[in-house]
Amino acid sequence: MAYQPKFARKNDRVSPFFTLLGVIVVPVALALTILLLGQMLRSVGRPKAAAPAQTGDMAILQQFDGFVAGELDSAREAISTASGPEDAFQATQEPVREKVVYEIPADAQVAPKPNPDCYGQTDDPSSLQWLLDEAEYMLDGQPLYFSTEVELFADSVVNYYLDDTIFAITWKEVHDGSVYTFSEVKINHPSQFRRHLAGGEYGSEMQYYTTEMAESVNAVVASSGDFYRFRNFGISVYQGQVRRVEGTYAETCYIDRNGDMHFTYGGDILTTEAAKAYVEENDIQFSLAFGPVLIDNYELVEHTWYGVGEITEGYARAALCQMGELHYIVVTANTQGPWQEIPTVKTFAKNVAATGCRMAYCLDGGQTAAIVMGDQLINRPVYGQQRKISDIIYFATAVPEGG
């Protein structure tokens, strides 16, 4: 296993309460014990003196009890005076770690840089219980799909990142003859879930690899998007503004200001006015137009036909899933090594549903589909090489640089 983030190291500080206890109470207790033993020895063989001796012993014990209680109260008061009431209460406990929440400005083109020391990698998932323990404060009680008992794709590794604002873990599994790459992410603030367009503006003709765009915006985890410049269907929203409306057949995914996913289906929105009303009503920040919808409110959505994509043929797939509040998975299904099956949408949806996600939506697949963590391409795209595309979605740290 690689480097453990610095907050994984335990605090071995000795409590000042126990220090005072050892210095004050223990020596006095020993002295009184010796005194009592002396009284007992003097009373041996003298039955008439035994009763008065017992009464005296009880008096001494009562005095000792009162003395110890008084010294403990004094010790507590001394600790409270030196460290404050809260520190005194926690002196014998592990420090409670508070969640740190930062916000990335909505107009920021680039997120803060991740801390290199917060990345790690291992080929042994069972060794990562410490990591899951450290990430608990981030999860708000939400269960992870990732498990330390996961069976990894042969010769693959688990990559992870954890700082005060984001937890991300990425790995590969085999399902139905395909290699599935999962990246599970939990963030502290919706501004950490972002969309980036090549060229930095809507409509730019620039195209780049997913890895190039991820590096340019300091993504912790990035996924290829919907390749919006290649197609003209669906409802396109960017920075809260409606940019394109063609909702006859396409199913569109929207991300609101809280980081939650919403869907509209073919025929739901057909005019710019209706699209603007939907965006305003739901406080939509951006959209993804590809599809189809896979999971809607935990329900598997079955399709026998979809007007804008190949759903019944085997094809490399990609999806965005929402597990819970600010908790996501991006996933791809590809061929690699001996595993050469490529899934239909039905098979892909079944395996995505097994994550327990609340919402899931297909992104552009084929050679477009890519998952990046840090500066590494994690999955193996079609033909073993990325395609230059127009957009990504990504998750970023919100810790200010140098913080």
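The values are calculated or read from the model by the stated rules, or taken from the named source; none is laboratory data. All values reported here derive from a predicted model rather than from experimental measurement. We place every Cβ from the backbone using ideal geometry, glycine too, and count neighbours over all the protein chains shown. Side chains included, ligands, DNA and RNA excluded: accessible areas come from the protein's heavy atoms. Shrake-Rupley method; radii C 1.70, N 1.55, O 1.52, S 1.80 Å.
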Could you tell me whether region 122-138 includes any residue that is at negative phi, modelled with pLDDT under 95 and not acidic (Asp, Glu)?
yes
Test Arg243 against the criterion of being within 28 Å of Gln367 (Cβ to Cβ), crowded, with 16+ Cβ neighbours inside 10 Å, in contact with a Cys (Cβ under 9 Å, 6 or more places away or on another chain) and of a type in the set (D, E, K, R), and give yes or no.
no
Counting only residues that are of a type in the set (S, T, N, Q) and closer than 11 Å to Phe146 by Cβ, region 156-180 contains a total of 1
Mind listing just one residue for me: the one in region 196-240 that is hydrophobic (A, V, I, L, M, F, W, C), more than 18 Å from Val330 (Cβ to Cβ) and part of a helix (DSSP H, G or I) and, of those, most open to solvent (accessible area, probe 1.4 Å)?
Phe230
Looking at (1) open to solvent by 40 Å² or more (accessible area, probe 1.4 Å); (2) part of a strand (DSSP E or B), find the lone condition where Glu401 falls short.
(2)
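Which ones in region 374-398 are assigned to a helix (DSSP H, G or I) and in contact (Cβ under 8 Å) with a residue 24 or more places away in the chain?
Filtering region 374-398 down to residues assigned to a helix (DSSP H, G or I) leaves 382-384.
Passing the criteria: only Val382.
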Has region 336-346 got any residue that is under 20 Å from Leu144 (Cβ atoms) and in contact with a Leu (Cβ under 9 Å, 6 or more places away or on another chain)?
no
Tally up the residues in region 292-324 that are acidic (Asp, Glu) and under 21 Å from the mean Cα position of the chain (by Cα), please.
0
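Could you tell me which residue of region 297-326 is nearest to Glu341 (Cα to Cα), considering only residues that are polar (S, T, N, Q) and in contact with a strand residue (DSSP E or B) (Cβ under 8 Å, 6 or more places away or on another chain)?
Within region 297-326, the subset polar (S, T, N, Q) is 297, 304, 312, 322.
Subsequent filtering for residues that are in contact with a strand residue (DSSP E or B) (Cβ under 8 Å, 6 or more places away or on another chain) retains 297, 322.
Working: Asn297: 29, Gln322: 26 Å.
Only one residue tops the list, namely Gln322.
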Which of (1) modelled with pLDDT of 95 or more; (2) out of contact with any Pro (no Cβ under 6 Å at 6 or more places or on another chain); (3) more than 17 Å from Gly234 (Cβ to Cβ) is the odd one out, the single condition Gly259 does not satisfy?
(2)
Restricting to strands (runs of 3 or more DSSP E) lying wholly in region 263-373: which have 1 or more residues that are open to solvent by 30 Å² or more (accessible area, probe 1.4 Å)?
284-289, 293-296
Please indicate, with yes or no, whether at least one residue in region 145-165 is surrounded by fewer than 18 Cβ atoms within 10 Å (Cβ to Cβ), closer than 16 Å to Thr332 by Cβ and within 17 Å of the chain's Cα centre (by Cα).
yes
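Considering only residues that are modelled with pLDDT under 95 and closer than 28 Å to Leu326 by Cβ, which ones fall in region 199-224? First the steps, then the outcome.
Going through region 199-224, the residues modelled with pLDDT under 95 turn out to be 199-205.
Answer for region 199-224, where residues must be modelled with pLDDT under 95 and closer than 28 Å to Leu326 by Cβ: Gly200, Glu201, Tyr202.
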